[in-house]
């Protein structure tokens, strides 16, 4: 009788440990997913802030500048779209028309955003932290501080 009770406790303990290990694995997956989503949100926030500063500086004219704080590293490339299509049709694209397209890419290439700009944009690699956006003769330049 005692052996049967011990065996039942042993089986219950094994089931409890199995359920606990499954729970721990699920929680670690949730944590990993949350960290990845947080990084994506930081990238999107930085890219949109930088794009808005670029458009402001473009609209204000030659010689104007703004400082922008980026919460994650990114790079910027630009292309003249003239009256053609708008790159990859990103949700941030604003249709076709004269102007330029700025493509913001997260370091590692894991995320990108495309925004329209009326001014040309000088390419910039590995921007992070505090950056300065300046309009120099109708061309937007971005450099680290």
For this session: Measure off 7 Å from each Cα along the Cα-to-Cβ vector at residue 5 and residue 64, then give the distance between these two points in nanometres to one decimal.
Result: 8.4 nm
For this session: Return the distance in nm (one decimal) between the two label points of a simple spin-label model at residue 19 and residue 125, each offset 7 Å from Cα along Cα→Cβ.
Result: 5.5 nm
Exercise. In the set (1) 11.8; (2) 10.0; (3) 7.9, which value of mean projected area of the Cα convex hull in nm² was calculated from the structure you see?
Worked result: (1)
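Between residue 28 and residue 137, what is the FRET efficiency for a Förster distance of 41 Å, r being their Cβ-Cβ separation, to the nearest 0.05?
Working: r = 53 Å, r/R0 = 1.29.
Rounded to the nearest 0.05, the efficiency is 0.20.
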For this session: Return the calculated 222 nm mean residue ellipticity for the chain, to the nearest 500 deg cm²/dmol, obtained by summing -39500 (n - 2.57) across DSSP H runs with n ≥ 4 and dividing by the residue count.
Result: -15500 deg cm²/dmol
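Express as a percent, rounded to the nearest 5, the fraction of DSSP beta bridges in the chain (both residues included) that run antiparallel.
Numbers: 27 of 29 bridges.
Counting only bridges with both partners in the chain, antiparallel ones make up about 95 percent.
Note down the relative contact order for the chain as a percent, whole number, built from C-alpha pairs under 8 angstrom at least six residues apart. Before the final figure, lay out the partial values.
Numbers: 253 pairs, mean separation 34.6, N = 145.
The normalised contact order for the chain reaches 24 percent.
Every number here is computed from the coordinates shown, using simple stated rules; none is lab data. All figures in this text were calculated on a predicted structure; none of them were measured in a lab. Cβ: placed from backbone, ideal geometry, glycine included. Neighbour counts: every protein chain shown.
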